[in-house]
Structure formats: structure tokens, C-alpha cells
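Can you read through this structure? Questions will come right after.
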Amino acid sequence: MVDGPEHIKKLTVPQLQELAGEIRTELIEGLAKGGGHLGPNLGVVELTIALHKVFTTPKDKFVWDVSHQIYVHKLLTGRKDRFRTIRQTGGLTGFALRSESEHDSFGAGHAGTALSAALGMAAARDKRGSNENIVCIFGDAALTNGISYEALNNISTTTKKFIGILNDNKWSIAKNVGAISGYLNRLITNPRYNKLSHDFVNFVLRLPKGDLALKLARRAESGFKGALSGVGLKPSETPEESDGRGGYGSPVFFEEMGVRYLGPIDGHDLPLLISTLEFAKLCDHPIIIHILTQKGKGFEAALKQPEKFHGLGPYNALTGETPAVKPGTPPRYQDVMGQTLVKLCKANENIVGITAAMPGGTGMKILEKAMPERFYDVGIAEEHAVIFAAGMATMGLRPVVAIYSSFLQRAFDCIHHDVCLQDLPVIFCMDRAGLSASDGPTHHGIFDISFLRCLPNVIAMAPANEDELADMMFTATKTNHPTFIRYPRGEAEGVPVKAEPQLIEIGTAVIQRNFANNGKRKVALFGLGPMNAIANQAAAQLAEEDFDVAVINPRFTKPIDAAVHEQFGREAELMITLEDHALMGGYGSAVLELFEDQAITTPVIRIGWPDQYIEHATTPDELRAKYGLSVENTVARVQAHFGETAKPAELVGGS
Ligand SMILES: Cc1ncc(C[n+]2csc(CCOP(=O)(O)OP(=O)(O)O)c2C)c(N)n1
């Protein structure tokens, strides 16, 4: 394997092909223990090698959309020795990160940003008069995302030099959806276009570099463009339907946007890729090269199950098998959400489910399977998902929108302007609220309480276990306001889920353990969501010492239960709030605001995430321990408050 991009330049095509094999072996074997985005990376091995053969980073810039397919680039840019630490504590991140390498020109983790970022770089380059190549690599599913079109709309009027690579493997995480995926499919299966495209590329290959090649290439290109028909956004019955201005039947969408389109070409054909990129480098017009790749190429199991191998945990490097779930393992929150939704849909014909390209991850797949007519996958289009739901709600439907907390962030204005302002009864199931440990800061969902709490009409809840999740979903279907339910990634608590979910009174907390009034110092612990278990465990330890403890499950972050908070605020000597969320503006802040309004002066210790981006780690528990979202730190903070035994070093987040 090579040490750095400069070595790739020296290799011959057969050597590069050998390198591709070595990289695939390293991907398959190196990720087997810890997991990662295997399938997407196996698909871009040749592309990444060709990019480094033709361009020179860090001067030239590669901008990867989502950047989950950046592992090969990491291997080729001096990070191969640390590759097996990827997504683990202290190791490489699983995405592009500017602070990790000068070869990572733009950080990402959320989809659809690459074209805009790359165009910004190109504009900056043009302004300063330098000559870097800016290459944007985006998947077919990035074209389900609105931002991509906002960027495309601006390319031709912003710069003359811009190289886009559309990496088309037909898959998002699940199968790609919508009209654009059908369009791409027609484009790539059009035999005439395929032949012309290949002829064109071969033609360019045979010519020496330079002006002549370019001139001829342009002539050849416009020649075959005119020959196209039947690959428009909508299949046209007759070629005459094409209006030639980008309407139905117009042949090449990108061309209509003022961007030269070249392809489709085989994205695993190294010599072809290299020559095409060489051509693109010489182009003095924005160009998009459409390449076809196979997700999971080189690993049978991944080819057979592209969705599973998009991103996964540990697997067997020979067979691709993943460890069986141990008997007795609690269900995952996402599955409880999917099963509950089916139950609710069966009882109420107005309920529908919406996912933004995450049917598996959110559990919506369960609804898709059981009641496909109630299921909508809108693609990576979170803003659209939210406004689409708002429209449905005006017509009497009860849409349940399941979006990861972190991805919902980009739909904030839609939540405000389209849902909350009109007080529409849309139900939001926010999965992955809390940490997504191995993904890191792009995927941690620790800001939603803050950004929702400030919006009028919001009802926001956080279940302490899976049974409560089901009750909250049921309750949400009975309210007439926007309702948000946040719950963590992965396994739930393992409590039984009632056959029929129960209604919860809005804005009510549950007193799980009350003061014993035994003369000891009174400490009230308010444990929200998954931190409820931590609160109960800390309470058990504190009760063994000189404390009289109460534990409350707040359930609601808006409206919070003013009566219960006031009662304990006045009775306790110390209040602790625990939340799997940023402290700033979170649940603890809501309690402090209430106390200020009610002139309650009882000290409040808030436990949650500090005001910084939380790094990635192998497990969430490691990060919780480090940042003090733990039983030990809760106990230590209480002891320290009363001037007891905790050593300062044991404390996280104050004294
Ligand atoms: C805003 C946002 N929504 C959802 C996701 C989850 N997600 C990660 S990768 C991906 C699919 C990407 O598909 P594509 O761009 O075609 O790349 P491929 O994995 O097929 O190479 C999705 C939906 C995300 N990263 N960002």
C-alpha cells in the first residue's frame, strides 16, 4: 500500500489495479472488528485512486458529500497506519475532518452539502486568482436533497472551472427513491447514449492533451448531445415532446443547468476514469461526470445486501455474517417506534408515516412492510418531509415524521414556519437523540430540546423506557399540537411494553421515589429520558449515605411539570437535573427559568453535555464517563456540594 498521494502518481495502471485490490482487502479486514461504512467505500476504490492519480491534494480540493465514503481517501493520504482505529475512541473519524488532515478540505456527515461547499471554494479560488482544481464527489442520493439543486442552479453563473463526480450506485442507504433516481436510471440504460458516451471518451483518449483535444472534444460532445432523446425527467412518448429548454423530455438535465455532462462511465474502469478526469481537468466549463459504481464491490455479502452493508457493526471478514442478537437483549427504540406506529395506524386511518431516506434506521420499514400505503420515503429531504407533513395535517391526516435528531436540525425553519406557527398536529419521532458515539459530532443529537423549547405550541417529551415511548406516541396522536418525542439510539431499557399504549396527561412528571422525611439532607434527582436510569442508580447510592433522595421522571421538556418541579424545588436542599442533551438551553435550563419565575433559590446542579462539540468514541458510555453523565459523577457532585468526600479530580462540570 502507498504512503501518500505522491506515490500514486508514480504507479502504472496495473500497479494501481493491484493497489485497488490491496485497498479492498484492507477495507474488508480492517473494518470487520469495529464496523463502518463498508459498502460505499468498496464502491469508490477506483474512483479515489484515479482522483489521486490525476489531482494533487492538498492543493487541489476534494469535497465529499456526506463523506462516509472517504475511507479510501484516508488510506491514501497518510492515514493507513491508523486506519484500524477508525470510529474508535481517539482514532480516526469516520468522516472528513479538516482538523484531522490537510487532505480533508471540507468536513461533513450530513448529506447534500458538497456541491454548495465546492462551489464556494471555486468562487473563492476565482476571486483570488489561483488555479486549484475543486472536485466535488456526490452520490445519486445527494440529488434527492434540495441543497444540491440550489448549488446546481448557481454553478454556471459562478465559475467556469468546477468538476463534479456523480457517483451513481442506485442506492441511498435503502434503494434510492423519487423521480430523479428514475431519470438517472433512464440515462444510464439508454443504449444510444451509452455508446455515444464511450465513443466520446475513447475519442478524447486517443488525442494528445491540449487545445486541439479540447476543441475536438467539444465538437464531438455537442454532436452526440443532439442525438439524445427519451432520457428526460419524464420518459417522452415522442422526441417532439422535448421543448429543448429543460422541460419534460429535455435530454440532459445537467446540461440544461449550464453544466457539461459526461457519462455514464464505468466507475471501476481505472484507465477510463483517469483519462476522463484528465479531460475534466482541462475543461474550461463546469462539468459533471456521471460514473456508475457498485456499492460493496469486491465483497460478495456486501453486494448482495447493499442496505445492510451501507454502514454496520462488526462482521465476519470472510462471510460477512454479523453476530446474532443475544437472547434477552432489549428491543431497539427504533423497532418499538415502528411496531407502535403500525398499532396506531391500524387503530386510526388518518395516521401515516414519513421518513427522509432512513426507513431502516428509524424503524419506519416496519410500517412499510405492514402497511405500505401509509408509508412515505421522501429521500434525503428533511425540509420537504416536514412541510409535506404540515400539508397533510391541514387535510386531517396525522403524519408521524421519524427523523434523527441531528438531521432534523436542518428543518428548523420548516418546524417553526410551517408546523408550529400554524399549530399543526404533526408528530415527530426523533431517533438518535443523544449520542451517536462512533459517528461523532455530525451525528450526535444533543440540541433538539434547546431548539424546540423556544417555539410556541410545541409539546416535547422524552421517554425513560420503551413502554413510555409507546405511550407518548399514542398521546401525541391525541393532541392537537406539534409534538416531539426524543429517544436514544439502540437498545431500550428492557421493560415490558403494554399491549395497549396509555394516554399521558400533557405536562406531567412522575414521582418515582419520594422523600422519606428521615431527617437526612434532601436531594431531588430529575432524570430525563435515558438519564432516568442514571438518576435512579445514583439515588440508590446516595440513599446509602446521609441523604434523603427523591427521583422524578420529568417526561416533558415542554411544558415542564411546573407543580412537581416547584414542590421539589421548595422541599429539597439540592436539585439535580440529568439530561442526555447540551446543557445550554436544555431541560435543566428550563428548570432554572421556572425557578427564577417562582423565586425558588434552591441550588440546581445540571448534568448534561457541555458547550462544545463532543468527539466520537467507541461507545457512548466512554463519553458519558468523560463528560460526567454518569452515576459516579452524579454522586460525586452531590457529595462535593455538601462538602463531602469527593476529590476534585473526580468531578466533571463544576463543584
Ligand atoms: C441530512 C442527512 N440525512 C440523512 C443522512 C443519512 N445518510 C447517510 S449516507 C445516506 C445515503 C447516501 O447515499 P449516496 O449519497 O447515494 O451515497 P452512497 O452511500 O450510495 O455512496 C444517507 C441517507 C445524512 N447523512 N444526512
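I need the full set of residues from region 572-584 which are buried (at least 18 other Cβ atoms within 10 Å of the Cβ) and touching a helix residue (DSSP H, G or I) at 6+ places or on another chain (Cβ under 8 Å), in order please.
L574, M575, I576, T577, L578, E579, D580, H581, A582, L583
While we're on this one: If you check G494, G529, G519, which single one turns out to be surrounded by 23 or more Cβ atoms within 10 Å (Cβ to Cβ) and assigned to a loop (DSSP other than H, G, I, E, B)?
Only one candidate passes the filter, namely G529.
Output the number of residues of region 425-441 satisfying the condition of being of a type in the set (S, T, Y) and either surrounded by fewer than 22 Cβ atoms within 10 Å (Cβ to Cβ) or under 25 Å from M392 (Cβ atoms) (or both).
So the count comes out to 0.
Could you grab the pairs with beta carbons closer than 9 Å, sequence gap of 6+ or different chains, first residue in region 61-79 and within 10 Å of the ligand (Cβ to nearest atom), second one of a type in the set (S, T, N, Q) and part of a helix (DSSP H, G or I)?
Pairs found: D65/S148; H68/N41; Q69/N41; Q69/T48.
Then there's this: Kindly list, by first and then second residue, each pair from a residue in region 137-150 that is of a type in the set (D, E, K, R) to a residue that is near the ligand (Cβ under 7 Å from one of its atoms) and not in a loop (DSSP other than H, G, I, E, B), limited to pairs with Cβ atoms under 8 Å and residues at least 6 apart or on different chains.
Pairs found: D140/N167; D140/W171.
Continuing with this model, one more query. Here is a check on your reading of the model: is G628 touching a residue at least 12 places away in the same chain (Cβ under 8 Å) and of a type in the set (G, A, S)? Break it down into steps so the answer makes sense when it comes.
Working: touching a residue at least 12 places away in the same chain (Cβ under 8 Å): yes; of a type in the set (G, A, S): yes.
It is true that G628 is touching a residue at least 12 places away in the same chain (Cβ under 8 Å) and of a type in the set (G, A, S).
In region 441-465, what count of residues is obtained for those that are among the hydrophobic types (A, V, I, L, M, F, W, C) and either within 16 Å of the ligand (Cβ to nearest atom) or part of a helix (DSSP H, G or I) (or both)?
Qualifying residue count, region 441-465: 4.
Sticking with this one: Pick from P530, P496, P488, P501: which is touching a Gly at 6+ places or on another chain (Cβ under 6 Å) and either modelled with pLDDT under 95 or within 19 Å of M337 (Cα to Cα) (or both)?
Of the residues listed, the single one that is touching a Gly at 6+ places or on another chain (Cβ under 6 Å) and either modelled with pLDDT under 95 or within 19 Å of M337 (Cα to Cα) (or both) is P488.
Just a yes or no: is a residue in region 133-147 surrounded by fewer than 18 Cβ atoms within 10 Å (Cβ to Cβ) and modelled with pLDDT of 90 or more? Spell out how you get there, then give the answer.
Narrowing region 133-147 to residues surrounded by fewer than 18 Cβ atoms within 10 Å (Cβ to Cβ): 146.
Those still in the list that are modelled with pLDDT of 90 or more too: 146.
Looking through region 133-147, at least one residue is surrounded by fewer than 18 Cβ atoms within 10 Å (Cβ to Cβ) and modelled with pLDDT of 90 or more.
Can you find a residue that is touching a His at 6+ places or on another chain (Cβ under 7 Å) and surrounded by fewer than 22 Cβ atoms within 10 Å (Cβ to Cβ) anywhere in region 393-406?
Checking region 393-406: not a single residue is touching a His at 6+ places or on another chain (Cβ under 7 Å) and surrounded by fewer than 22 Cβ atoms within 10 Å (Cβ to Cβ).
From (1) over 20 Å from the mean Cα position of the chain (by Cα); (2) part of a helix (DSSP H, G or I); (3) not β-branched (V, I, T), pick out the condition that doesn't hold for G39.
Every condition holds for G39 apart from (1).
Looking at (1) within 16 Å of the ligand (Cβ to nearest atom); (2) basic (K, R); (3) out of contact with any strand residue (DSSP E or B) (no Cβ under 9 Å at 6 or more places or on another chain), which is the one condition that is false for R87?
Of everything listed in (1) within 16 Å of the ligand (Cβ to nearest atom); (2) basic (K, R); (3) out of contact with any strand residue (DSSP E or B) (no Cβ under 9 Å at 6 or more places or on another chain), R87 misses just condition (3).
Residues of region 447-465 being buried (at least 24 other Cβ atoms within 10 Å of the Cβ), within 29 Å of G34 (Cα to Cα) and within 22 Å of the chain's Cα centre (by Cα), which ones?
Scanning region 447-465 gives a single hit, D448.
Something else: Exactly one condition in (1) within 16 Å of the ligand (Cβ to nearest atom); (2) touching a residue at least 24 places away in the same chain (Cβ under 8 Å) is not met by E102; state its number.
Evaluating E102 over (1) within 16 Å of the ligand (Cβ to nearest atom); (2) touching a residue at least 24 places away in the same chain (Cβ under 8 Å) leaves (1) as the failure.
For residues that are β-branched (V, I, T) and touching a Ser or Thr at 6+ places or on another chain (Cβ under 8 Å), scanning just region 592-618, find the one that is surrounded by the most Cβ atoms within 10 Å (Cβ to Cβ).
Step one: list which residues in region 592-618 are β-branched (V, I, T), which gives 600-602, 604-605, 607, 614, 618.
Next, from what is left, pick out any that are touching a Ser or Thr at 6+ places or on another chain (Cβ under 8 Å): 604-605, 607, 618.
Details: V604: 20, I605: 20, I607: 29, T618: 16.
Filtering region 592-618 for residues that are β-branched (V, I, T) and touching a Ser or Thr at 6+ places or on another chain (Cβ under 8 Å), the one surrounded by the most Cβ atoms within 10 Å (Cβ to Cβ) comes out as I607.
Would you check if G353 is small (G, A, S), surrounded by 16 or more Cβ atoms within 10 Å (Cβ to Cβ) and more than 29 Å from Q502 (Cβ to Cβ)?
Values: small (G, A, S): yes; surrounded by 16 or more Cβ atoms within 10 Å (Cβ to Cβ): yes; more than 29 Å from Q502 (Cβ to Cβ): no.
Judged against the criteria, G353 is not a match.
From the list I265, I274, which one is assigned to a helix (DSSP H, G or I) and over 26 Å from E150 (Cβ atoms)?
It is I274.
I'm checking my understanding of the structure. Among residues of region 107-164 that are within 23 Å of the chain's Cα centre (by Cα), of a type in the set (A, V, I, L, M, F, W, C) and assigned to a loop (DSSP other than H, G, I, E, B), which one is farthest from the ligand (Cβ to nearest atom)? Explain how you work it out, then say what you get.
Going residue by residue through region 107-164, those that are within 23 Å of the chain's Cα centre (by Cα) are 107-120, 135-152, 164.
Adding the requirement that they be of a type in the set (A, V, I, L, M, F, W, C) leaves 108, 111, 114-115, 117-119, 135-138, 141-143, 147, 151-152.
Within this subset, residues satisfying the condition of being assigned to a loop (DSSP other than H, G, I, E, B) are 108, 111.
Details: A108: 8, A111: 4 Å.
If we take residues in region 107-164 being within 23 Å of the chain's Cα centre (by Cα), of a type in the set (A, V, I, L, M, F, W, C) and assigned to a loop (DSSP other than H, G, I, E, B), then A108 is farthest from the ligand (Cβ to nearest atom).
Name the residue that is farthest from the ligand (Cβ to nearest atom), counting only residues in region 16-56 that are without any contact (Cβ under 8 Å) to a residue 40 or more places away in the chain and acidic (D, E).
E18
A further question on this structure: Using the structure shown, decide if G361 is closer than 22 Å to I180 by Cβ, in contact with a Phe, Trp or Tyr (Cβ under 8 Å, 6 or more places away or on another chain) and crowded, with 18+ Cβ neighbours inside 10 Å.
Criteria met by G361.
Let me ask something else about it. Of the residues in region 291-338, how many are surrounded by 15 or more Cβ atoms within 10 Å (Cβ to Cβ), over 22 Å from the mean Cα position of the chain (by Cα) and free of Cβ contacts under 8 Å to residues at least 60 places away in the same chain?
4
OK, next. Say we look at region 466-489 and pick out the residues that are part of a helix (DSSP H, G or I) and hydroxyl-bearing (S, T, Y); which of these is surrounded by the most Cβ atoms within 10 Å (Cβ to Cβ)?
T475
The values are calculated or read from the model by the stated rules, or taken from the named source; none is laboratory data. Here the structure is a predicted model, which means the values were calculated and not measured. Cβ atoms come from the backbone with ideal geometry, glycine included; neighbour counts cover every protein chain shown.
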